[in-house]
Amino acid sequence: MIYMMRKICAAIIFLTALISFTTGCGKRLPEMEVDGVGKKLAETRAENISDVKYSLLFEIPSDQNMALEGMVSLSFKMKERKPIVLDFVQSDTALTSLSVNGKKARYSFRNEHIVIPASFSLRGENRLTIQFHAGNQSLNRREDLLYTLLVPDRARTLFPCFDQPDIKSCYSLSLEIPVEWEAVANGKVLQKDTIEQTQRRFVQFSETEPIPTYLFSFVAGKMKKVTQEKSGREITIYHRESEPGKVSQCD
């Protein structure tokens, strides 16, 4: 009798833990029954989430067949303590680490989303740090050039984000690229250093104004640079042209 009671108690504990886990990941999220960012999910997030900032780092290899390694530090405010739902069109193996507010967090993948239980979120300021393998779908890659094209909703194929236009965010971007490459992004170049040990170049850009995810962009590759001052303002053109007639148009 005692043995049977112990088995029943163990089963109850197990079921309670299982229910807690599944409801923590899926509670109040009926809007996630389909892939992509549906209207209900977009409205729920826009109502609850504000002051979003991304700090992104991408390591770009010279070999176009190698994956980009990425890291994002994402901060935002929540009105209510709810599950955190990020958009990311990759498999669960694309994430190598995830922490929320300084603690390693449990998460699940569901219909192109990363779902983090509400028990890890806070009312007010939250910070997520995620290391991941960047998606290749929206990277236009050649042997010595790469540029992003994230219109209309393809930022989520590249990195974990809130991929909807009414959640405008500030972006701080850093790139690690081959030493002979140049890089351009939404922000102004703040820092450019050569890493002697690896013959790589580290480029850091200034924070952007609030913009939607589809306007976030960067270009990296072998490019020529022409800088001139016009009306007291310095303007730089990056190009890959070699034909003299076309290059002369820079003036």
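The values are calculated or read from the model by the stated rules, or taken from the named source; none is laboratory data. Everything quoted here is computed from the prediction, not taken from an experiment. Here the Cβ is made from the backbone with ideal geometry for all residues, glycine too, and neighbour counts use every protein chain on show. In case anyone asks, the SASA skips ligands and DNA or RNA and just uses the protein heavy atoms, side chains included. Shrake-Rupley method; radii C 1.70, N 1.55, O 1.52, S 1.80 Å.
Of the beta bridges DSSP finds with both residues in the chain, what % are antiparallel, to the nearest 5?
The antiparallel fraction comes to roughly 90 percent.
Given a Förster distance of 30 angstrom, what is the FRET efficiency for SER206 paired with ASN140, based on the Cβ-Cβ distance and rounded to 0.05?
E between SER206 and ASN140, to the nearest 0.05, is 0.80.
How much of THR194 can a 1.4 Å solvent probe reach, expressed as accessible area in Å² and rounded to 10?
Roughly 60 Å² of THR194 is accessible to a 1.4 Å probe.
Pop the C-beta distance of MET66 and LYS103 into the FRET formula with R0 = 30 Å and round what comes out to the nearest 0.05.
0.45
Helix 2-26 against the longest principal axis of the chain: what's the angle in degrees, Cα atoms only, rounded to the nearest 10?
30 degrees
Starting from the residue with the highest accessible area, list THR93, THR44, THR227, THR157 in decreasing order, probe 1.4 Å.
From most exposed to least exposed: THR93, THR227, THR44, THR157.
Quick check for me: using +1 on Lys/Arg Cβ and -1 on Asp/Glu Cβ, what's the dipole size of the chain about its Cα centre, in debye to the nearest 20?
1100 debye
When a/c is below 1.5 the answer is rounded, else prolate if a/b is larger than b/c, else oblate, so apply that to the stretch 183-251 with a ≥ b ≥ c taken from the square roots of the Cα gyration tensor eigenvalues.
It is oblate, given that a/c is not under 1.5 and a/b is not larger than b/c.
Could you pull the accessible area for SER50 with a 1.4 Å probe, rounded to 10 Å²?
Accessible area, nearest 10 Å²: 50 Å².
What accessible area per residue, rounded to a whole number of Å², is obtained for the stretch 67-130 using a probe radius of 1.4 Å?
On a per-residue basis, 46 Å².
Using a 1.4 Å probe and counting only protein heavy atoms, arrange ARG201, ARG127, ARG154, ARG45 so the residue with the most accessible area comes first.
I get ARG127, ARG154, ARG201, ARG45, largest accessible area first.
For the stretch 120-197, which GluC sites (Glu not before Pro) pass both filters: DSSP loop (anything but H, G, I, E, B) and at most 13 other C-beta atoms within 10 Å?
GLU143, GLU180, GLU196
Roughly what angle does helix 39-48 make with the longest principal axis of the chain, taking Cα atoms, 0 to 90 degrees, to the nearest 10?
So the inclination is approximately 90 degrees.
Once Cα Rg over 2.2 N^0.38 Å is worked out from the coordinates, which option in [x] 0.99; [y] 1.18; [z] 1.24 does it equal?
It is the value labelled [z].
Summarise the accessible area of the chain (1.4 Å probe, protein heavy atoms) by the percent that is carbon and sulfur.
In the chain, the share of accessible area belonging to carbon and sulfur is 53 percent.
How much area per residue is accessible in the stretch 202-251 when the probe is 1.4 Å and only protein heavy atoms are counted (Å²)?
With all protein chains present, the stretch 202-251 gives 66 Å² per residue.
For the chain, calculate the relative contact order in percent as a whole number, restricting contacts to Cα pairs under 8 Å that are 6 or more residues apart.
The normalised contact order for the chain reaches 17 percent.
So between LYS188 and VAL226, what do we pick up on full extension, going 0.36 nm a residue minus the alpha carbon distance?
The LYS188-VAL226 span can extend by a further 12.1 nm.
Given the options VAL226, VAL189, VAL100, which has the most mean-square fluctuation in a GNM of the chain, springs set between C-alpha atoms less than 10 angstrom apart?
Looking only at VAL226, VAL189, VAL100, the largest GNM fluctuation is found for VAL226.
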